[in-house]
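Colleague: Handing you this structure, nothing more for now.
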Amino acid sequence: MARSALMNVMVTAATKAGRSLTRDFNELENLQVSLKGPGDFVSQADLKAEKTLRDALNKARPGYSFLMEEGGEIDSGSDYRWIIDPLDGTTNFLHSNPFFAVSLALEHNGQLVAGVIYNPASEELFTAEKGRGAFLNDRRLRVAARTALDECVIASGIPALNRRKHGIALFEQRNLMSRVAGIRATGSAALNLAYVAAGRFDGYWESDLHPWDIAAGLLMVREAGGFVSEPDPKASMYDTGRVLAGNESIHGQMREILNRPLPEALQAQKA
Ligand code: 2AM
Ligand code: CA
């Protein structure tokens, strides 16, 4: 499959950052003791990968704006904006679990036009361009066709100690676990969305996410024929950080379950 010039730029940047992460991932596995500890080593790996992405993208497409997990927003006044998560799945990386990815998206006038999610450990490269479909390496992707919720494997995130809304997450999980074949918490929002696009997960929902966790994945799911939205049709994903993805039927069925009214005791957690 011939890639567009834009996709070549994005893939080159993402694989370069991926090589940098792989070197650090291997180093981390050998690292017995470090003065500052593995957490600090991983944030350095994260920053290095982000710089690699920024440099490569700036060189190929000078002047575009950036929204980056580490470096924040750089508004250059361009119509184009890169949205970058250099290391999605940081906790997995820190624990030598090879389920992490570089996530990179491009917006034009606020509309997603391209996305790349690259897991350097598995060498799986997910790409999508608006109107041109989604691909895993060179294979065209399509979301899973299952419509019976009780046959579905659904991905989610289980909020850890540094995140809020544990009660709401448990309420949602309780409502869903009695209806589905399995719930998986993988630790990477970007890869969860890529896996929905690839039909490996039938659906995905999570809260408290940032634009850089999800931008590339949103386009990927849509280009694979799936639906992605805030579970509440009146709300927007980037505002609330809540995401729900699946094929049209599963998205609709899950939305109904996730929109059940919260018990009184959990109302306060919503804000
Ligand atoms: P990260 O690995 O880049 O932090 C895990 O459930 C998913 O949620 C990952 O994609 C993770 O991205 C994201 N996430 C967003 N905010 C988070 C937080 N405060 N703590 C842990 N994971 C977070
Ligand atoms: Ca992330």
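Colleague: Name the residues in region 232-256 that are more than 22 Å from residue 83 (Cβ to Cβ) and either among the small types (Gly, Ala, Ser) or surrounded by 17 or more Cβ atoms within 10 Å (Cβ to Cβ) (or both), would you? I'd like the intermediate steps shown before the answer.
Modeller: Step one: of region 232-256, the residues more than 22 Å from residue 83 (Cβ to Cβ) are 232-234, 246-256.
Selection gives 246, 247, 249, 250, 251, 252, 253, 254, 255.
Colleague: So residue 210 ticks every box in (1) open to solvent by less than 30 Å² (accessible area, probe 1.4 Å); (2) closer than 26 Å to residue 66 by Cα but one. Which box is left unticked?
Modeller: The one condition residue 210 does not meet is (1).
Colleague: From the list 89, 72, pick out the single residue that is in the same structural domain as residue 130 (by TED's automatic domain parsing), within 11 Å of ligand 2 (Cβ to nearest atom) and on the phi > 0 side of the Ramachandran plot.
Modeller: Result of the check over 89, 72: 89.
Colleague: Oh, and also: Looking at region 61-71, can you tell me whether even one residue there is open to solvent by less than 30 Å² (accessible area, probe 1.4 Å) and part of a helix (DSSP H, G or I)?
Modeller: no
Colleague: Consider only pairs whose beta carbons are under 8 Å apart and that are at least six residues apart or on different chains; among these, list those whose first residue lies in region 31-44 and is in the same structural domain as residue 95 (by TED's automatic domain parsing) and whose second residue is in a loop (DSSP other than H, G, I, E, B) and at pLDDT below 80.
Modeller: Sorted first by the residue in region 31-44, then by its partner, the pairs are 38/31; 40/34; 41/31; 41/34.
Colleague: For residues that are open to solvent by 20 Å² or more (accessible area, probe 1.4 Å) and under 29 Å from residue 41 (Cα atoms), tally how many sit in region 76-91.
Modeller: 3
Colleague: Might you let me know whether region 141-158 holds any residue that is within 23 Å of residue 24 (Cα to Cα) and either open to solvent by 20 Å² or more (accessible area, probe 1.4 Å) or within 16 Å of ligand 2 (Cβ to nearest atom) (or both)?
Modeller: No, there is no match, as no residue in region 141-158 is within 23 Å of residue 24 (Cα to Cα) and either open to solvent by 20 Å² or more (accessible area, probe 1.4 Å) or within 16 Å of ligand 2 (Cβ to nearest atom) (or both).
Colleague: Limited to region 147-168, what total is found for residues that are over 16 Å from residue 183 (Cβ atoms) and not in a loop (DSSP other than H, G, I, E, B)?
Modeller: Number of matching residues: 1.
Colleague: Taking the options 77, 72, name whichever one is under 21 Å from the mean Cα position of the chain (by Cα) and over 22 Å from residue 197 (Cβ atoms).
Modeller: None of the others qualify; the one that does is 72.
Colleague: Mind listing just one residue for me: the one in region 187-207 that is of a type outside the set (A, V, I, L, M, F, W, C) and closer than 19 Å to residue 105 by Cβ and, of those, farthest from ligand 1 (Cβ to nearest atom)?
Modeller: 195
Colleague: Name the single residue that is farthest from ligand 1 (Cβ to nearest atom) among those in region 50-106 being modelled with pLDDT under 95 and of a type in the set (Asp, Glu).
Modeller: 70
The values are calculated or read from the model by the stated rules, or taken from the named source; none is laboratory data. Here the structure is a predicted model, which is why all the values come from computation and not from measurement. Positions of Cβ are backbone-derived with ideal geometry, glycine not excepted, and every protein chain shown enters the neighbour counts. To get the accessible areas, we keep the full protein, side chains included, count just its heavy atoms, and leave off ligands, DNA and RNA. Shrake-Rupley method; radii C 1.70, N 1.55, O 1.52, S 1.80 Å.
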